[in-house]
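K.L.:
Structure incoming, see below.
The values are calculated or read from the model by the stated rules, or taken from the named source; none is laboratory data. Computed from a predicted structure; not experimentally measured. Neighbour counts are summed over all protein chains in view; Cβ atoms, including those assigned to glycine, are modelled from backbone coordinates with ideal geometry. Side chains are part of the model used for accessible areas, which takes the heavy atoms of the whole protein and leaves out ligands, DNA and RNA. Shrake-Rupley method; radii C 1.70, N 1.55, O 1.52, S 1.80 Å.
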Amino acid sequence: MDVGSESVEPVCNGNTPEAEPSKPNGTIKTEPNLGTDPTDPDPVVHEIPVYLSRGVNCYLFQYPVRPATMPYDNTDVVRARFRPTNQQVELEMRLNTANANYDRSKGEQIALNTDGVHPAPTPDRTFQSSVMDKQLLTGTAAVTDSGRYAVGILDNNELHLTEVKGLLHLRPSLGYLDKSDRTAKAEGRVATDPDDPADNEVKPEAITVKFARGDPERNKKYKEKSYDFQMKRVEEEPWVEAKFHQMKTYNWEEVSQRMFCGSMDTDVKSLDETPERYLYSLKDAEG
């Protein structure tokens with residue numbers, strides 16, 4: 001999925017830290033001249049240069065309620081949008097209503113319950129046809145800090161790493177069911193529930209209300225922690241429209257090439273520094 005962003009010059013690490021043994025063609029290539037102790041029970045048999053690429057804003061999508069045997073690889077994604085600050089994503093996927101496994105009568109019933117008996121051709125209409133013709137996947141951040149994750153490409157005995165800026169879990173959205181309830185009530189298709197409390201008429205009565213002066217700063221902090229306030233902040237961020245490209249397509253290949261380090265001759269400082277100083281050396285001009 002492509003999201004408009006400014007390009008960032010890649011930062012590369014030309015050092016060769018110890019890595020797990022590589023097994024090309026089922027065998028381990030040994031390198032006897034590594035200067036290791038012959039008595040070491042676990043010697044280093046192979047070294048791989050590691051490069052850090054920053055040419056792509058990488059987000060990892062996971063589908064926890066979708067079986068691994070049923071991927072979305074061949075699904076037609078008609079719309080994709082993203083909120084980078086709050087890390088929210090929506091994927092609108094077209095359903096194959098002509099498939100033999102599609103229950104058309106059930107699809108018509110869902111569309112009728114959601115959009116009403118005589119839906120108007122407006123943008124607020126959930127399903128543009130007379131059947132349920134799409135499915136919406138919504139995703140949110142699964143972890144608060146994804147800095148420990150990276151996507152690696154091993155090519156020609158070189159490991160290129162790209163930082164994962166966010167890890168999102170996507171699940172089917174059932175918002176159309178809530179809309180079905182509202183539509184049914186508006187059209188009077190919902191029978192009165194005998195368990196609902198009766199609307200007894202209550203006569204107005206004059207009362208005296210007193211307000212105690214509170215701490216404004218404390219009240220503000222409580223308000224900012226409330227669910228309604230947090231949701232309001234999320235909704236204030238505008239959606240960024242994006243283009244979704246399936247794997248093994250031309251656009252996917254083009255973006256994948258940007259995950260290779262473009263400045264392999266530029267070395268960062270060696271790994272003999274403290275972790276804090278090493279991470280500081282990876283910062284670019286924008287911080």
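K.L.:
Residues being surrounded by 15 or more Cβ atoms within 10 Å (Cβ to Cβ) and in a helix (DSSP H, G or I): count how many of those fall in the stretch 168-177.
P.N.:
The total comes to 1.
K.L.:
Now a separate question. Just give me the residues in the stretch 60-89 being aliphatic (A, V, I, L, M) and either open to solvent by less than 70 Å² (accessible area, probe 1.4 Å) or under 15 Å from the mean Cα position of the chain (by Cα) (or both), in sequence order. Don't jump to the end; show me each part of the working.
P.N.:
First, the residues of the stretch 60-89 that are aliphatic (A, V, I, L, M): 60, 65, 68, 70, 77-78, 80, 89.
Within the stretch 60-89, LEU60, VAL65, VAL77, VAL78, ALA80, VAL89 qualify.
K.L.:
Answer yes if at least one residue in the stretch 207-221 is hydrophobic (A, V, I, L, M, F, W, C) and either at pLDDT 70 or above or under 28 Å from ARG148 (Cα atoms) (or both), and no otherwise. Please lay out each step first, then the result.
P.N.:
So the first thing to find is which residues in the stretch 207-221 are hydrophobic (A, V, I, L, M, F, W, C), and the list is 207, 209, 211-212.
From what's left, either at pLDDT 70 or above or under 28 Å from ARG148 (Cα atoms) (or both): 207, 209.
Yes - at least one qualifying residue is present in the stretch 207-221.
K.L.:
Return the only residue of GLU273, GLU241, GLU254, GLU237 being within 30 Å of ARG54 (Cβ to Cβ), at pLDDT 80 or above and surrounded by 12 or more Cβ atoms within 10 Å (Cβ to Cβ).
P.N.:
Details: GLU273 fails: at pLDDT 80 or above; GLU241 fails: surrounded by 12 or more Cβ atoms within 10 Å (Cβ to Cβ); GLU254 fails: surrounded by 12 or more Cβ atoms within 10 Å (Cβ to Cβ).
Exactly one of GLU273, GLU241, GLU254, GLU237 is within 30 Å of ARG54 (Cβ to Cβ), at pLDDT 80 or above and surrounded by 12 or more Cβ atoms within 10 Å (Cβ to Cβ), namely GLU237.
K.L.:
Looking at GLN230, GLN246 in this structure, which one is within 30 Å of VAL89 (Cα to Cα), part of a helix (DSSP H, G or I) and modelled with pLDDT of 70 or more? Steps first, answer last, please.
P.N.:
Numbers: GLN246 fails: part of a helix (DSSP H, G or I).
The conditions single out GLN230.
K.L.:
Considering only residues that are among the hydrophobic types (A, V, I, L, M, F, W, C), part of a loop (DSSP other than H, G, I, E, B) and over 23 Å from LYS165 (Cα atoms), which ones fall in the stretch 62-85? I'd like the intermediate steps shown before the answer.
P.N.:
Taking the stretch 62-85 first, the residues among the hydrophobic types (A, V, I, L, M, F, W, C) are 65, 68, 70, 77-78, 80, 82.
Restricting the remaining residues to those that are part of a loop (DSSP other than H, G, I, E, B) gives 65, 68, 70.
Those that are among the hydrophobic types (A, V, I, L, M, F, W, C), part of a loop (DSSP other than H, G, I, E, B) and over 23 Å from LYS165 (Cα atoms): ALA68, MET70.
K.L.:
Still on this model: Restricting attention to the stretch 257-266, report how many residues are open to solvent by 100 Å² or more (accessible area, probe 1.4 Å) and either of a type in the set (Val, Ile, Thr) or assigned to a loop (DSSP other than H, G, I, E, B) (or both).
P.N.:
2
K.L.:
Of everything in the stretch 109-129, what is of a type outside the set (A, V, I, L, M) and over 24 Å from ASN74 (Cα atoms)? Give them in sequence order. Working first, answer last.
P.N.:
Step one: of the stretch 109-129, the residues of a type outside the set (A, V, I, L, M) are 109, 113-116, 118-119, 121-129.
If the condition is that a residue be of a type outside the set (A, V, I, L, M) and over 24 Å from ASN74 (Cα atoms), then GLN109, ASN113, THR114, ASP115, GLY116, HIS118, PRO119, PRO121, THR122, PRO123, ASP124, ARG125 are the ones that fit.
Residues are listed down the side, and each one gets a yes or a no for (1) in contact (Cβ under 8 Å) with a residue 12 or more places away in the chain; (2) open to solvent by less than 40 Å² (accessible area, probe 1.4 Å); (3) assigned to a helix (DSSP H, G or I); (4) not hydroxyl-bearing (Ser, Thr, Tyr):
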| position | (1), (2), (3), (4) |
| --- | --- |
| ILE110 | yes, yes, yes, yes |
| HIS118 | no, no, no, yes |
| GLN128 | no, no, no, yes |
| LEU136 | yes, no, no, yes |
| THR144 | no, no, no, no |
| LEU161 | yes, no, no, yes |
| GLY166 | yes, yes, no, yes |
| LYS179 | yes, no, yes, yes |
| ARG182 | no, no, yes, yes |
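K.L.:
Among (1) under 25 Å from GLU237 (Cα atoms); (2) in contact with a Leu (Cβ under 8 Å, 6 or more places away or on another chain); (3) among the aromatic types (Phe, Trp, Tyr), where does PHE82 come up short?
P.N.:
Among (1) under 25 Å from GLU237 (Cα atoms); (2) in contact with a Leu (Cβ under 8 Å, 6 or more places away or on another chain); (3) among the aromatic types (Phe, Trp, Tyr), the lone unmet condition for PHE82 is (2).
K.L.:
Return yes or no: is THR122 part of a loop (DSSP other than H, G, I, E, B), modelled with pLDDT under 90, among the polar types (S, T, N, Q) and over 20 Å from GLY175 (Cα atoms)?
P.N.:
Values: part of a loop (DSSP other than H, G, I, E, B): yes; modelled with pLDDT under 90: yes; among the polar types (S, T, N, Q): yes; over 20 Å from GLY175 (Cα atoms): no.
Spelling it out, it is not the case that THR122 is part of a loop (DSSP other than H, G, I, E, B), modelled with pLDDT under 90, among the polar types (S, T, N, Q) and over 20 Å from GLY175 (Cα atoms).
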